[in-house]
Amino acid sequence: MVAAIEEVKKVLWDGGHGGKDPGSSGNGVVEKNIALQVATEAAKRLERDYEGVQCLLSRSSDVYLSLSERTNKANAAGAHLFISIHCNAGGGAGGFESFTYIGTKDAATAAFQDVLHAEIMNRLKPFGVRDRGQKKKDLHVCRESLMPAVLTENLFVDVAADAARLKRPEVIEAIVIGHVAGVAKYLKLQPKKAQQPPASGATNILGPASATVEQAKAWAKSKNAPAELVALADLYWLLAPERGGD
């Protein structure tokens, strides 16, 4: 008996605004740019790190799309989830909030919002981001999509403290990771298996570091390495996991 092939889950990532529509702007931050950065990076990470998922983008560059073009693309593709990425404005103290369509009574949509909101806030709390809560509103992208849809408002560009956070790569990283983790958890996606070890007798040049960064610096100094090289050790230890080591 042939085992059933598990259906690939399709996720539509919608970077809000774009092109002639910049969205909100303030303190040197433009909403459409943050939205596109988060959407494209989250899509890349989800496909890279998890099995059985296909990511689609409403836009992959700075172009204008109507709201119906966005939902039509998701509906035509038979997407399982729709996530629309935005930044906010006019929020006083700032913070993060998420929205679903005010008229939906769909349990799956509510469950998706619960998981996604929690995962994002878990990553943003260490940066002092205020949780403005889970909300409902008459939003086209949530109303006209035929699958569970959530719109996220990722901090306020016109609140100085939030805008300063949005200029920090580690905060953008937290937003991306939170979105990816929320989708993966809701869809029950399995992480991709680690790379197979080399055949017996072969030497694997990629792997976890056996020395600490401080030990590496000390060794480099003992070999009279240039100060610039020693200073790069911290960056190498930070980037190594994404480049082949752990």
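The values are calculated or read from the model by the stated rules, or taken from the named source; none is laboratory data. In this text, all values refer to a predicted model and were calculated from it rather than measured experimentally. Cβ: placed from backbone, ideal geometry, glycine included. Neighbour counts: every protein chain shown.
A few comments on the model shown:
- Among the residues of region 38-63, those that are within 19 Å of I120 (Cα to Cα) and acidic (D, E) comprise E41, E47, D49.
- Residue in region 142-158 that is out of contact with any helix residue (DSSP H, G or I) (no Cβ under 9 Å at 6 or more places or on another chain), modelled with pLDDT of 95 or more and either in the same structural domain as F82 (by TED's automatic domain parsing) or of a type outside the set (D, E, K, R) (or both) present: yes
- Being closer than 19 Å to K136 by Cβ and acidic (D, E) holds for only one residue in E119, E69, E97, and it is E97.
- Among the residues making up region 108-120, those that are more than 15 Å from M147 (Cβ to Cβ) and crowded, with 21+ Cβ neighbours inside 10 Å are H117, I120.
- Options I85, I34; residue that is touching a residue at least 40 places away in the same chain (Cβ under 8 Å), outside any helix (DSSP H, G or I) and of a type in the set (A, V, I, L, M): I85
- Within region 151-174, the set of residues being surrounded by fewer than 22 Cβ atoms within 10 Å (Cβ to Cβ), among the acidic types (D, E) and within 14 Å of the chain's Cα centre (by Cα) comprises E170, E173.
- Of the criteria (1) modelled with pLDDT of 95 or more; (2) surrounded by 14 or more Cβ atoms within 10 Å (Cβ to Cβ); (3) not in a helix (DSSP H, G or I), which one A184 fails: (3)
- Hits in region 48-80 - residues which are within 20 Å of H17 (Cβ to Cβ) and not in a loop (DSSP other than H, G, I, E, B): C55, L56, L57, L67, S68, E69, R70, T71, N72, K73, A74
- Residue in region 64-81 that is under 23 Å from G133 (Cα atoms) and of a type outside the set (K, R) present: yes
- Residues that are in contact (Cβ under 8 Å) with a residue 60 or more places away in the chain and in contact with a Leu (Cβ under 7 Å, 6 or more places away or on another chain) within region 8-30 comprise K9, K10, V11, L12, W13, G15, V29, listed in sequence order.
- Search result, residues across region 143-177 that are assigned to a helix (DSSP H, G or I) and touching a residue at least 60 places away in the same chain (Cβ under 8 Å): A160, A161, D162, A163, A164, L166, I172, I175, V176, I177
- Residue match in region 39-52 (condition: within 14 Å of L12 (Cβ to Cβ) and free of Cβ contacts under 8 Å to residues at least 24 places away in the same chain): yes
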